[in-house]
Structures are given as C-alpha cells and as structure tokens.
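Working notes for the structure below.
We did not get these values from a lab; they are worked out from the coordinates using the rules stated. Treat the numbers as computed from the prediction; the structure is a model and nothing was measured. Note that each Cβ is placed from the backbone with ideal geometry, even for glycine, and that neighbours are counted across all protein chains shown.
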C-alpha cells in the first residue's frame, strides 16, 4: 500500500492542532526570509558606499598596466622609480585566456581583436529597495580595426526582494533578474561572429549552377554581448537552449564582477586557477552579487 507524501496530503492528514502550529512556523519562516532580504539590501548599500574606494585602487592598477604611471619600488631605505612606459602588454587577453571559460572561451579568431582590450571594469549603480544593477565595461584602444566602439557594455539587473507572492518560499539572496548586451558596429570584413563562404546553387528550371556568397554564424567570445532575449512573460517562454545560455551568461557575468576584475593579477599569473584548471573560488558562493 503506497502512502501519499505530497505536501497537500500531509497537511490534510494533520490534526487541527498540528495545522495551527505549522501555520505559526510558516509565519516565522516568512519573517526570517524578510529579514534576510533586508540584510542583503543593506549589504548592497554597504558595497556601493565602498565602490569609490575600490575604484581608486583599480585606477592605480590600470595606470600601471597601460603604462601611464611609473612604479615606485622600495629597496631598503632607498626608494626609486621604475618607468612603466610599456605597461604590461596583452594583460587582459592573457587574463581571459587563462580564465578559459567553458561557456565563453577566447577562440583563436578572437585573439587579434582582444589584443586591443585595455581594461575590464565593473560600474555599480545605486541600489533601490527592491533592485540593484551593475554594468561590465570592456574598454578597447582607438586603434582597434575590428569595430568602431571603444567600450562594449553588458548590463545586469539584480532582484533583492524576496518573492512577495510566495513569502514562505526559501530566499537564498539576490538573484540576477535579466541582462542586456550592446550592438557592435563591425568594420567591413571584420565581423568575428560571421563566416562568409561560397555556396553553389542550381536553378531548378535551367539547371544552371551559380556561386553565391552566404554568411554563417560562428561561435565567438563576442557572443557574450548578445544574450538571449527574455520575453515579456519571463524565462518560462524561452527555449531550453536559450535558458541554458542565459544561466551561463549570468554565471559568467558574476564571475567577472566578483572574481576576475578584483583578482585580475592572479588570473594573469595563473595563481587564481587550481592545478586542475578550475577557479579556486566558486563565484556562485558569494550571494551578495
């Protein structure tokens, strides 16, 4: 004889006294999740208040990387200045290649363009009571021959508030709600997401064969700036493939924000990676987003 263990069956089989106690526990759980949401909201305020201080340090770092600032070195009691005119060539290309993301790997066709990548920045926006957002900015040199933009941007919106329609649902912290990329104005014959090839077509009436040029989509790191579009009804209307791509996009965006940008030097040297090729810290473990 099978026993129905569904939540509705367990609830209906409980004595009235037990049901009252469960109701009381549910109210305490709802209050607990509300407090967790408030905690994370205030944590976002704290993070935003420290943002200018972090940026001061990162600005000093980018000046050394790009060769616009000299380096002061102390040798005992005699500090001296070392010229940083040449900076650190291919710093960010090396970081991304060492990262070797499964979802957004740097392919051989991307490298020539990413040699012009001069910085990756995270810009925080002021949090509200229910949401916050941040933008990832990829800065390129003006000599980049592949596209006209000098900054490619990726925006992420984060939901801070617990699910008010289901207050008893577990709240695990802020969640990325949606994201948007940007258009890229590729210069002629420089689009890294398109491959052109010649295809033969036969005329069904005359049988004549002619050669035409067709364009095919090919994988590229720059697909990161063209995420799947979330429909008005939410992710439930998305295909399974788009849903998987979107989840991978969210994870990669958080990895850049929480790990790669703050620890770029360790990714450049390879120290941020384990001997097995995985990140030493799981970006999803940081629920503060």
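Label-to-label distance, residue 100 versus residue 50, with points set 7 angstrom from Cα along the beta-carbon direction: 3.1 nm. Let's test the formula: R0 of 22 Å, r as the Cβ-Cβ distance of residue 239 and residue 217. What FRET efficiency results, to the nearest 0.05? Here the calculated transfer efficiency is 0.85.
How much FRET efficiency would the formula 1/(1 + (r/R0)^6) give for residue 57 and residue 204, where r is the Cβ-Cβ distance and R0 is 45 Å, rounded to 0.05?
Result of the calculation: an efficiency of 0.10.
Calculated on the alpha-carbon coordinates, the convex hull of region 17-157 measures out at 214 cubic angstrom per residue. Projected label points at residue 182 and residue 108, each 7 Å from Cα along the beta carbon direction, are separated by 3.0 nanometres.
For residue 12 and residue 175, the FRET efficiency from 1/(1 + (r/R0)^6), where r spans their Cβ atoms and R0 equals 45 Å, is about 0.90. The slack in the chain from residue 271 to residue 26, taken as 0.36 nm per residue of separation less the alpha-carbon distance, amounts to 83.6 nm. Label sites at residue 39 and residue 129, each approximated as a point 7 angstrom past Cα along Cα to Cβ, lie 2.2 nm apart.
Applying a 10 Å radius around every beta-carbon, put 40-51, 147-158 in order of their mean neighbour count, most first.
147-158, 40-51
Could the peptides 244-257, 216-229 be put in order, highest first, of the mean number of other beta-carbon atoms found within 10 Å of their residues? Working shown, then result.
Working: 244-257: 18.9, 216-229: 16.5.
Those peptides, ordered most packed to least, come out 244-257, 216-229.
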